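Below: one structure, written as structure tokens.
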Amino acid sequence: MDVAHLMQRAEEFCAEMGEEYYQNYAGLSDEFRIVEIVGKYPELFSRETYDEVMALEPDGEDGIDERELKLLRYFVTGNYFTAATKELVEEKEKKEAALTVEHKGEEIAYRSIPVVNANEEDAGARRELDARAQAALEGELNPLYESIFEKTFSLTGELGYENYTALTEQLSGLKLGWLRDTMQDFVRETNDLYRETLDEYAWTLLGLRLSELAQCDIGRLMRADAFDHMFDRERMVPALKDTLAGMGIELDKQENVTLDLESRPKKSPRAFCIGIRVPQDVRLVLTPIGGAQDYSVLFHEAGHLQFYAHMDAKLPFLYRHEGDTSVHENFAFLLQYLTTDPAWLGDVLDKLRIEDYVRFSRFSKLYMLRRYAAKLDYEYGFWPKLDFESARRAYREKLTRTLLFKYSPTRALADFDQGYYVAKYLQAWLAEATIRQHLRGEFGHKWYRNEKAGDWLRAVWAEGQKFDIHELLERFGLPKLSYKPALNDIREHLG
Ligand SMILES: [Zn+2]
């Protein structure tokens, strides 16, 4: 089989699909043609290609080694699922994009609800909007989600895997059982700390008792607009440029990156970074509104952007576009958490209330780690047997028990990360704390002002995702993946 040609087509497909995604989510086009574009690359999505790739031998005449072959197998398997579900996914995307619900006498876009909710001060109005959002989800989108899951479930069996968890573990090397167990330990270790601090912040920031708290209040709680005055919108992009300059990166001189920060009516409220052609054309999309979350999101996406932008153009396609995305998320977190680092905050912002914000940011991180721990536990339990009723029950119970406010079963399928992305985020959170500790040890507390730290990062970034997160830590002699460094950081500032 002509692997080189297949990879060239994969690169072309990524560029075309990426451009389509960018145009739609940046609010430049209403179209989102998944079916049409996938149809132009039959060789990437066919059963024949899948069978041929699975039968390839490493280091044979096809010129592919074991490491690349592993990624190629995961890639074509993912493609095979994409091909089988593309009509359903496109229908779901179109329906979701067009869906509106009523809020205070106006029709608002379904996709904008998280943002509207986060800025809604009235707890009663949040509950009304949430009830309408859930009704729309249940009536319009959940039937499509069910069809997508049914299709994925039956394909997994057809390809000879026991279930989707087994498929993921065998093809990607993720140790999902281990990660689930270790994160359950984390949950047990932080039960008291979480209950106390959630109780405190619900009261001080929202005026609600723990028993009154609902899922629709969390966006509002995490919005934390009490800290808005510290995070000035005008200073946000200059702060990013200045921080990168400290590491020897001149953002304005990077010809391969685009920052799309313009406001457009149909632009997605969710920021994202996309590699159209890596590293030649990488884009970051965000609508700045100000506030701590904006800084956090901009720096997160800038982490993705810089990782992509510094990858060696000569790397094989699979190391630039595929591989362990825990590595990607880890570098995104590394820049994101600068905006919660006391030293960085002291450099960049007015000194007012930094300690309060640093403490709150650790509470926010504790919440996220517990939420993803509960989600992984739920998703891990989901796959062995397709049963939507028990899945909804499990989702409500596991998330409610871990997060201490009522989760609705309605979101059991919508709040689900495809391809076990939930595990990638968790690994990235654990790894980031370890790598940050390493950078501080080597280059000082203000490592982000040290060009040598920039050199270190650029050397790692150049390798793309050739190595998975465990290998990455091992290569630098860092401790194995564990939640201890992240927990220590949380305890230091929140305890
Ligand atoms: Zn990310």
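Return the lysines within reach of K104: Cα separation strictly under 19 angstrom, same-chain partners fewer than 8 residues apart disregarded; answer none if there are no such residues. Within the straight-line limit of under 19 Å, K104 reaches no lysines at all.
What is the chain by shape, rounded, prolate or oblate, if you read a ≥ b ≥ c off the alpha carbon gyration tensor as root eigenvalues and call it rounded for a/c under 1.5, prolate for a/b larger than b/c, and oblate otherwise? Because its axes are fairly even, with a/c under 1.5, the chain counts as rounded. The calculated 222 nm mean residue ellipticity attributable to helices in the chain amounts to -20000 deg cm²/dmol, summing -39500 (n - 2.57) over DSSP H runs of n ≥ 4 and dividing by all residues.
Computed extension gain for N191 through E128, at 0.36 nm per residue and net of the alpha carbon distance, reaches 19.6 nm. Rounded to 0.05, the FRET efficiency of the I289 and E57 pair, given R0 = 45 Å and the Cβ-Cβ distance, is 0.25. Amide H contacts of I64: D59, each under 5 Å away and 5 or more positions distant or on a separate chain (H built 1.01 Å from N in the peptide plane; Pro and chain starts excluded).
Here the calculated FRET efficiency for F476 and D417, from their Cβ-Cβ distance with R0 = 30 Å, stands at 0.60, rounded to the nearest 0.05.
A simple spin-label model places pseudo-atoms 7 Å from Cα toward Cβ; at H229 and D65 they are separated by 5.8 nm.
The charge dipole of segment 174-270, taken about the Cα centre with unit charges on the Cβ atoms of Lys, Arg (+1) and Asp, Glu (-1), comes to about 460 debye, rounded to the nearest 20. Gain on full extension, evaluated as 0.36 nm per residue between E355 and A462 minus their Cα-Cα distance, stands at 35.0 nm. A simple spin-label model places the labels of D2 and L159 2.5 nm from each other, with each point 7 Å out along Cα-to-Cβ. Going down the list K253/K365; K175/K480; K267/K375; K175/K314, which pairs span over 23 Å between their C-alpha atoms? Pairs exceeding 23 Å: K253/K365; K267/K375; K175/K314.
Net charge in the neighbourhood of D65 (other residues with Cβ under 12 Å of its Cβ; Lys, Arg +1, Asp, Glu -1) is -2. Rounded, prolate or oblate, given the Cα gyration tensor of segment 1-130, with a/c below 1.5 counting as rounded? Prolate, because a/c is 1.5 or more and a/b exceeds b/c.
The phi torsions of segment 266-271, fed into the Karplus equation with coefficients 6.51, -1.76 and 1.60 and a -60° offset, translate into couplings of 9, 5, 4, x, 8, 5 Hz, rounded to whole numbers, with Gly and Pro shown as x. Take every DSSP beta bridge whose two residues both sit in segment 176-494; close to 50 percent of them are antiparallel.
For D281, the amide hydrogen comes within under 5 Å of the amide hydrogens of I276, counting only partners 5 or more places away or on other chains and with H modelled in the peptide plane. Between the listed residues M54, G27, I64, the Cα displaced farthest toward the positive end of the dipole of segment 22-94, a dipole computed from Cβ unit charges relative to the Cα centre, is found at G27.
If the segment from R33 to D199 were pulled out straight at 0.36 nm per residue, it would be longer than the present Cα-Cα gap by 55.2 nm. A crude spin-label estimate for the pair N119 and E91, with each label 7 Å from Cα along the Cβ direction, gives 3.4 nm. Shape class for segment 345-494, computed from the alpha carbon gyration tensor (a ≥ b ≥ c): oblate, with a/c not under 1.5 and a/b at or below b/c.
Comparing G173, P384, L352 along the charge dipole axis of the chain, the residue lying farthest to the positive side is L352, per the Cβ-charge model.
Where a number appears in this text, it was derived from the coordinates with a stated rule and is not lab data. Computed from a predicted model, the values in this text were never measured in an experiment. Cβ atoms come from the backbone with ideal geometry, glycine included; neighbour counts cover every protein chain shown.
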